[in-house]
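Participant: Shown below is the structure under consideration.
The values are calculated or read from the model by the stated rules, or taken from the named source; none is laboratory data. These numbers were taken from a predicted model, which means no experiment stands behind them. Here the Cβ is made from the backbone with ideal geometry for all residues, glycine too, and neighbour counts use every protein chain on show.
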Ligand code: CO
């Protein structure tokens, strides 16, 4: 009986280790709201991830053309330029200029109750780089931004 218990414990430990490994932070979620805020100011992804999926939700009720939000990833240095080019691109382009190569990844603009996601390769990013995510809806990035950390 004692042996059986030890075996069971060993199996549980193995299962636990497997669960930890499977929980590599390659799939991130972030919420946004009618108060023009994200619910996180930092998002961390494991450097071991080949690709990353970010799911953006909007827990508010306001429409996309009034209180729309997206999730845009650039280097910290490129953020202001991408905000500017995105503003010119307009809502029909999700406030992202498709020609602006400084934009690493982005989602569409969503309104209250909606959800969207984007998947991108992590291999192209520098683990020591300074990356930020923000909402490119005009006027939102001052409040809606955070650090995207690879570790
Ligand atoms: Co926004």
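Participant: Within segment 95-121, can you find the residues that are out of contact with any helix residue (DSSP H, G or I) (no Cβ under 8 Å at 6 or more places or on another chain) and closer than 13 Å to residue 134 by Cα?
Facilitator: 104, 105, 106, 107, 108
Participant: Need a quick list: strands (runs of 3 or more DSSP E) entirely within segment 1-104 having at least 2 residues that are over 18 Å from residue 122 (Cβ atoms) and modelled with pLDDT of 95 or more.
Facilitator: Numbers: elements: 27-32, 42-45, 51-58, 72-75.
It comes to 27-32, 51-58.
Participant: Same structure, new question: Quick one: residue 90 ticks every box in (1) exposed (fewer than 15 other Cβ atoms within 10 Å of the Cβ); (2) within 21 Å of residue 36 (Cβ to Cβ); (3) away from the ligand (no atom under 16 Å from the Cβ) bar one, so which box is it?
Facilitator: It fails just one condition, (3).
Participant: Still on this structure, please answer the following. If I go through segment 113-151 residue by residue, how many of them are within 15 Å of the ligand (Cβ to nearest atom), surrounded by 19 or more Cβ atoms within 10 Å (Cβ to Cβ) and part of a loop (DSSP other than H, G, I, E, B)?
Facilitator: 6
Participant: Counting only residues that are more than 11 Å from the ligand (Cβ to nearest atom) and crowded, with 22+ Cβ neighbours inside 10 Å, which one in segment 54-75 is farthest from residue 104 (Cα to Cα)?
Facilitator: We begin by selecting, within segment 54-75, every residue more than 11 Å from the ligand (Cβ to nearest atom); these are 54-55, 57, 59, 61, 63, 65, 73-75.
Applying the additional criterion that residues be crowded, with 22+ Cβ neighbours inside 10 Å yields 54, 73-74.
On the way: 54: 13, 73: 5, 74: 5 Å.
Here the answer is 54.
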